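Chemist: Structure incoming, see below.
The numbers here are math on the coordinates, done by the rules we state, and not lab data. What you see is a predicted model, and the numbers here were worked out from it, not measured in a lab. With ideal geometry, Cβ positions are generated from the backbone for all residues, glycine too; neighbour counts draw on all protein chains shown.
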Amino acid sequence: MKSTHYIFVTGGVTSSLGKGIISASLAKLLQERGYAVTIQKLDPYINIDPGTLNPYEHGECFVTDDGAETDLDLGHYERFLNTPTSQANNVTTGRIYQTVINKERKGDYLGKTVQIIPHITDEINRRIKLLGKTGDWDFVITEIGGTVGDIESLPYIESVRQLKWEMGQKILVIHLTLVPFLAASGELKTKPTQHSVKLLLENGVQPDILVLRTEHTLNADVKNKVARFCNVHPDSVIESADVSTIYEVPILMAQEKLDEQVLLKFGLPVGKAPELLKWKSFIEKFKNPKSHVKIALVGKYVELPDAYKSINESFIHAGAVNSCKVEVIPIHSEKINENNVAEILKDVKGIVVAPGFGHRGIEGKIAAVKFARENNIPFLGICLGLQCAIIEFARNVLKLADAHSTEMQRSTTNPVVDLMDNQKNISGLGGTMRLGAFKCELKKDTNASKAYKKAEISERHRHRYEFNNAYLKKFEEAGMVASGTNPDTGLVEIMEIPALKWFTGVQFHPEYKSTVLEPHPLFAAFIKAAIEK
Ligand code: GLN
């Protein structure tokens, strides 16, 4: 049973400063020192989870093994730490209120007036301590979404204030802010940071460590000034200068001794600085590629890179193991069709068709699959991407002209992709898909089994539709085979065209499981095939 220390990471001045990356980097450094660390994200919005959010709102929805639809920051946590997260690692205001209101309806509050303090804050505190209670973690890092001063974040900051009293030396607050550079006067400005800390103080929270995002190096004067005005020790003012890849942030934070400051403040032994050998070797490979390939990513949210965060990161990992720079070319699926596909995709060595929902852009995705199949270009279809490959094969090889997914066309006479049986009576949209990790058995001597080098795998799902097994015989006879199947339900999870160089579609999301230290085998095999092409 470990005695857990809690670290909170708050943000000030602006959003998008990278609290998730700072949290993940600190966690990485503590993990390298031998501690067990997990990270949790508290999201101040009222949705129960991001599963119902349009990717334009908050980017990709990340799915955990236990089927939680979560914030994309959890993807960073897993990619940095190489340990799985769960539902307990992501809590939203919606979930907090839902729990409190359900308790109220049951009569659990015994006639009391239910209020933000103490009822909502108690529920926040309970959720924060949930991970610590398992006894598995030396450190729980809790990232508080949003920016200090937002109305939505107030109950969370209040919870931190209360927990500081309750847990004393076991709690630390790191505040991440921005030190902007004014080009006109050539100066770095500390005032926004001062104001942001003042806001925290107004809410009763004194940060212990400040991490300052900056485009230019901060000199000692700037750091001392921040320390003096913000009431922290100068050693606790940590510079976080811009770097070319997020994967350099742990190295930078180690140089800045963020982890050392944390250990000192907790009164824990500091010991030797972490070496990060494997991590550095990954960065070395990533920065010095021996080859270069262009991969087309066909999707309808490509103008927003966060919508495909895990896919893009998986290509960074898969590129590094292959000592290759993977240039992902975003292709908008609504702007591609049978007439322009050859011109648009002429330079790429591999084509990925992205996951997605609904009709928009579907024909563009199908045109991209056709181009990959007819020109023997390595192809990876993910979730809806596999479904597009199935539709394309049915229409153009099996000559079932109206073949479609019933998601897009309910009345098709050839529903080659259809709603799963257990989805037929579901009415609500939130949390009702086929979610989380499922087993999959691989057929020998296929792209899949060669990539995974295993007979059984487990991958994460997020969908309602599936390959319609009534068509399997026809598909296999015509050359598209099921190479991965769920052993419990018989659902087809992977399909391939063995006659082609590397053509594979997967019903699950391999991108959720790719990490720096364990690049995903399918992405790695796809990139290898693209390089050979
Ligand atoms: N819309 C498809 C389904 O629900 C695919 C989902 C996805 O790509 N994640 O089955």
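Chemist: Gap in Å between the Cα centre of the range 138-207 and the Cα centre of the range 53-128?
Modeler: 21 Å
Chemist: While we're on this one: Suppose every Lys and Arg Cβ carries +1 and every Asp and Glu Cβ carries -1, with no other charges. What dipole size does the range 259-407 come out with about its Cα centre, to the nearest 20 debye?
Modeler: Dipole about the Cα centre, nearest 20: 420 debye.
Chemist: Treating only the Cβ of Lys, Arg, Asp and Glu as charged (+1, +1, -1, -1), what charge dipole size does the range 136-210 show about its Cα centre? Round to the nearest 20 debye. Don't skip to the end; give the middle numbers.
Modeler: Details: 6 positive and 10 negative charges, 72 e Å.
Computed charge dipole of the range 136-210: roughly 340 debye.
Chemist: Now a separate question. Measure off 7 Å from each Cα along the Cα-to-Cβ vector at Val397 and Thr99, then give the distance between these two points in nanometres to one decimal.
Modeler: Here the answer is 4.9 nm between the modelled labels.
Chemist: In the chain, with Lys and Arg counted as +1 and Asp and Glu as -1 at Cβ, which of these residues, Ser310, Ser514, Gly18, has the Cα nearest the positive end of the dipole, that is, farthest along it?
Modeler: Ser514
Chemist: Sticking with this one: Exactly which trypsin sites (Lys or Arg not before Pro) in the range 181-284 are in a DSSP loop and have at most 13 other Cβ atoms within 10 Å?
Modeler: Lys272
Chemist: For the chain, find the longest principal axis of its Cα atoms and tell me its angle to the long axis of helix 93-106, 0 to 90°, nearest 10.
Modeler: So the inclination is approximately 80 degrees.
Chemist: Angle between the Cα long axis of helix 220-230 and the longest principal axis of the chain, 0 to 90 degrees, nearest 10?
Modeler: With rounding to tens, the tilt is 70 degrees.
Chemist: Between Phe357 and Met420, what FRET efficiency comes out of the Förster formula 1/(1 + (r/R0)^6) with R0 = 22 Å and r the beta carbon distance, rounded to 0.05?
Modeler: E between Met420 and Phe357, to the nearest 0.05, is 0.90.
Chemist: May I ask for the net charge around Asp208, where only other residues with Cβ less than 13 Å from the Cβ of Asp208 are counted and Lys, Arg are +1 while Asp, Glu are -1?
Modeler: So the environment of Asp208 carries a net charge of +2.
Chemist: Once amide H atoms are built 1.01 Å from N in the peptide plane, which residues 5 or more positions from Thr83, or in another chain, come under 5 Å H to H?
Modeler: When sequence neighbours closer than 5 places are left aside, there are no close amide H contacts.
Chemist: With a sphere of radius 15 Å drawn around the Cβ of Glu284, what net charge do the other residues whose Cβ falls strictly inside it have (Lys, Arg +1; Asp, Glu -1)?
Modeler: +4
Chemist: Filter the cross-link list Lys309/Lys335; Lys170/Lys285; Lys365/Lys399; Lys444/Lys533; Lys164/Lys513; Lys453/Lys513 down to pairs whose alpha-carbon distance in this structure exceeds 27 Å.
Modeler: Table pairs above 27 Å Cα-Cα are Lys170/Lys285; Lys164/Lys513.
Chemist: Which residues' amide hydrogens lie under 5 Å from the amide hydrogen of Ile331, considering only partners 5 or more residues apart or on another chain, with H built in the peptide plane?
Modeler: Leu297, Val298, Gly299
Chemist: In whole Hz, with x marking every Gly and Pro, tabulate ³J(HN,Hα) for the range 455-471 from phi via Karplus 6.51 cos²θ - 1.76 cosθ + 1.60, θ = phi - 60°.
Modeler: 9, 9, 10, 9, 9, 9, 10, 7, 6, 10, 9, 8, 5, 7, 4, 4, 9
Chemist: Oh, and also: As I understand it, the value is the acute angle between the Cα axis of helix 277-287 and the longest principal axis of the Cα atoms of the chain; what does it come to in degrees, rounded to 10?
Modeler: 60 degrees
Chemist: Right, something else. Between Gln40 and residues 5 or more places away or on another chain, which pairs have amide H atoms under 5 Å apart, with H built 1.01 Å from N, and which residues are they?
Modeler: Amide H neighbours of Gln40, under 5 Å, 5+ apart: Ile141, Thr142, Glu143.
Chemist: Step through the table entries Lys294/Lys474; Lys300/Lys454; Lys454/Lys528; Lys191/Lys272, compare each Cα-Cα distance with 27 Å, and write down the pairs that go over it.
Modeler: Flagged as over cut-off: Lys294/Lys474; Lys300/Lys454; Lys191/Lys272.
Chemist: Moving to a separate point now. How much net charge surrounds Gly75 when only the other residues with a Cβ under 9 Å from the Cβ of Gly75 are counted, with Lys and Arg +1 and Asp and Glu -1?
Modeler: Here the count lands on -4.
Chemist: Give the lysines reachable from Lys189 as a straight Cα distance under 26 Å; neighbours fewer than 8 places away on the same chain don't count.
Modeler: Cα-Cα hits under 26 Å: Lys19, Lys198, Lys223, Lys225, Lys257.
Chemist: Now a separate question. Along the charge dipole of the range 465-509, pointing to its positive end and built from +1/-1 on Cβ of Lys, Arg, Asp and Glu, which listed residue (Thr504, Ala478, Phe467) has its Cα farthest out?
Modeler: Of the options given, the answer is Ala478.
Chemist: Defining a contact as two alpha carbons under 8 Å apart and six or more residues distant in sequence, what relative contact order in percent does the range 414-462 show?
Modeler: The value is 36 percent.
Chemist: Scanning the chain for GluC sites (Glu not before Pro) in DSSP loops with at most 14 other Cβ atoms within 10 Å, what's the longest stretch left with none?
Modeler: Longest gap between qualifying sites, sites excluded: 1-214.
Chemist: Between Gln255 and Thr134, what is the label-point separation in nm under the 7 Å Cα-to-beta-carbon projection?
Modeler: 3.4 nm
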